[in-house]
1. Out of the DSSP beta bridges found with both residues in chain C, what percent are antiparallel (nearest 5)?
2. Can you work out which chain B residue has the shortest Cβ-to-axis distance for the rotation that carries B onto D, and give it in Å?
3. Output the Cα-based Rg and Dmax of the stretch C:161-218 in Å, rounding Rg to one decimal and Dmax to a whole number.
4. So which residue, out of C:238, C:151, C:328, gets the largest mean-square fluctuation from a GNM of chain C using Cα contacts under 10 Å as springs?
5. Over the stretch B:149-326, calculate the relative contact order: mean separation of alpha carbon pairs under 8 Å at least 6 apart, over the residue count, as a percent.
6. Normalized C-alpha radius of gyration of the stretch B:282-323, against 2.2 N^0.38 Å?
7. With the label 7 angstrom out along Cα to Cβ, how close does residue B:313 come to the same site in each of the other copies, in nm, nearest first?
8. Go ahead and run the numbers for FRET between residue D:30 and residue D:65, Cβ-Cβ distance against an R0 of 25 Å, rounding to 0.05.
């Protein structure tokens, strides 16, 4: 396969850097351009950005000149968007109109009825919305979004249960990592020896996104899944890795053993297609009573697998478990890349 | 009032030190003896114990000679027990038999039908069990226990709701502080950049203790409250202060405003009696969207008040809120001391 | 004594809040006005500022209306400045000219030859510069500065050694708390599981300020002390409390016992005068091998005492020890307040 | 080359686990046996040990049966020792006598005149001591030790400077990671929001070991290097990676540029031989003002390279810099493995 040229919008931030890091040596994609806000455009990347990851900056990146976010100046077929939502709202359509595939981590277009909110293991058929989107909007390109980080980790664990038993009610309490707020989002003085029981806008996303993701695409329209979601989100002192306590009422009875068995056997489209960024297995089950834990499990499957544990009965809900995933890999940059891989592999 | 002589059993550990610190200058109690295991007995306290609190060690304590845990050698009317449960099981009855009032933080006797599991603001009438206990066991003294740290914080917040509306179902997810495991309980390598979604034995306590505490004492027997409790407990990187996400189905309808109003107006017996360690108000309501937080709210009311926030409707439960309290003060040593103050003030 | 009216400039930041907290119930001073930048002026303090301290906001502060930093609108005799240095450079002279005593924590005027760089226990006689300053500048008021936080802790420990033995060379390696960079100065993602071996501008301050502080005031001029200082500054993950490893070559021989004895016996002018904020003793010596420690020792003497430990011989230097002090109390707001107390007590 | 059979003594602890992890897929070595104390012997490794590393446990290890530390039962040519020093003192000679090469991380035999204290980049010629050792002790095997973790990181940075300019005085202040004390060595309650300015026994090791390492082997005897070392060791809240502030007086003048140049060009014997665990380059120079940092630099060169930064002049010493290395890889298990690789490659 001839490599597909890709660019990163918002390349200097934390998620932008994850894109750069994950795209190094990618078998499908060749990173041709880095774009960022006007403040950075025209500078060497090494001057425009502080590198925040413990993985080293890939060769050659330091010397790249950051481009402006203007479709005319970007030499690529796919652009990965790590833009803040307010910027994405204006910029992403400019690229889609000009024929780019925009694989976006921003929340700006997630709720649009003709924009796929995609997790390749969960709802690959939602890629069918692209046709609708192009027709509706008269675009040559398109926007494909991935869900919020907390939602991705959660929804990936829900998929086998939803298909096998149905879900009636879903309750989740999250303990989320600092990187989710961006590099400068949480001052150290705010979180040292502390927990913050609030993350602005997060609960709304976690309560709505799973319903679209698990919805059915019928005649060009996603019919949302029909169950109740309650989410309470907390910020804890971990660098990466969102941990979630999940409680579910199922539509049909199932034992913890049934649930564990489903998790262990689950494979999605990316695993069947052997997509380069697809973890196999996508869901890892740990039997120890005290796992998953962020520091030990976030890098499972290269940061793309989720880890579940403590699967057990609950006195109020049918089933409960803890689930963990890497919020800036599985929950952000890696998610967009896997979306783009599916898009390419499907020949779209 | 003539000061009551008190001693601390298990004086060298973390909770033992909290007892010593809180008893300094106490208007009712005079600390006369410190007792600990054989390893420490006979030594100067300053040699037997590493002082773990940031509050300085009270004057004179360093030079005290630690005694063995033998009732014959202890000069006190009340003994505060900071013993591990396995030790408490054997040692506390020895003291109760010899006429001491044992105000215990240990879990060994919490479930005994004739032992009060007491939170003075919640179930002061359960002190009535003491008569039964003395009769049953032929003891001159008695054992009074306080609940588990997570339970105390939770149950204190439940009290006004339970009385006003009744509770049908209670769901709690906790984020608990390191000190709850004792000074050496959690290695730093286990918790740095991490969360542990498991605390051994904790969920069972939190699921059972509230039912006894909120139960009715009738003819010498506590009839447990009748509702379902589900608890999931997590260890986070905070030194002190347990934070709990609480979800409740009420027996009668109530709005968040009703709940907030009840919290604000709540006073218990200790506030009415003006007990020295009683916080007033016992429940503090914070209106900010991101409170309570362990570092900022744990010392409210000298560590004896609990702080609630984020009181709001939930899509699954009737009401939800976050509650926080200091686990080694309100949740342990301060709890036992308040119990003893109530006992003394009641003239028992 | 009639209370002196005081105001705080830069009242919404971290050091501003420390001023407010420390001034509550102050026996000399009555806080009359809070001033801050234009962004905050005109707002209720409770709306303009997030309260960052674990100590609660004093009564009445929430409702105060923040004023602009205009001398004409401030009703006070002394203004405490918690301004950033770039702002202080312009604003502080406006107040001094109008007759205010400016007790400043900012670095803007610390190096001016006619501005006292004051630690009341170390160089109270430098207040004599005020006369020179007023004359030079034609001001009715004056500016009195306190040193950089790291320097104050260090210089207070140096004073008795300098007076008794003289100092030839001073080497210090610091491990500094997060609050020193201001509330938002260090992102949590920068410091979790990390140390940063650099603090911008800090080493220069620590290498120069002690020489002025320990200098002699002669005929209106401070003649700097004459020794070499080398400082290396690191940021570690503590909220408050700067810890410093100090190494000294003395001009005359002295043993660790001599040094310890000097530390223990040291009293400065504030202790002799019984100034309200003066800790007594100002220097606490800990004998344990592993003290001082930030979490346990920073609040010694209400945050105004410094704690030294590990006083011992060194193979390169004559003597070494570790010293710790609270950087936003002893090292900032408390320092300015003690300066103002000395000024008032001296009847200036 | 036929793989060399190796075993790990003390396989269940933190350093033992690093050995297991680093030996996976090793081109020279095949891990045949895991041995540990009697408490673990006979159990499956997965039952005997909690796996502490974030890297997953290699395949097959979980099912291995842990052996007793008896030379007769161990099928290997080289044994890596992760034993506590008190155990190593007795056990290591038993293996050396029976013909095993003991590559030890323990401190028990580091000071013996006939035992190499080896860093392959620094003093590979000290392997010559093995002949002396065998002769002296009548052993078929031998003991080769690596230095203390803090010393290795330091001494590797000293080597090029010592060879080029000579060293007169060396001053080091360390900020050391938690893992250096073993998994349970530092309670979380001891270090949260804290620094501990003391590590038992550490300063003595850092002050003595560099002199042997940089010593000259002449006629079977190591003549220690002749300079003064002063070390002050602090424990900070990082999981892995010791950071050290280093100050040096050189025997001959050199500029920071000279020093940087030497660091950059440095290669040792392992790099020339291309040993599998040898990092290339062994010393990484960072130009940013705020590097090295533990979280970002500890895994440089797979955890085997050290990173230096802030190379600059000092007002007291000739030169200063910060240096960082991974304490359980470069400073422990990786060090022993590199020693064994050198031994094997040299055909000894």
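Every number here is computed from the coordinates shown, using simple stated rules; none is lab data. This structure is a prediction, so every number in the text was calculated from the model and none was measured. No Cβ is skipped: glycine too gets one built from the backbone with ideal geometry, and neighbour counts run over all protein chains shown.
1. Around 45 percent of the beta bridges assigned by DSSP in chain C are antiparallel ones.
2. Residue nearest the B-to-D axis, with distance in whole Å: B:188, 2.
3. Using the Cα atoms of the stretch C:161-218, the pair Rg, Dmax is 15.8, 49 Å.
4. Highest fluctuation of the listed residues: C:238.
5. It comes to 27 percent, rounded to a whole number.
6. Expressed relative to 2.2 N^0.38 Å, the Cα Rg reads 1.22.
7. Sorted ascending, the copy-to-copy spacings read 3.4, 7.2, 7.7 nm.
8. That gives a FRET efficiency of 0.90.
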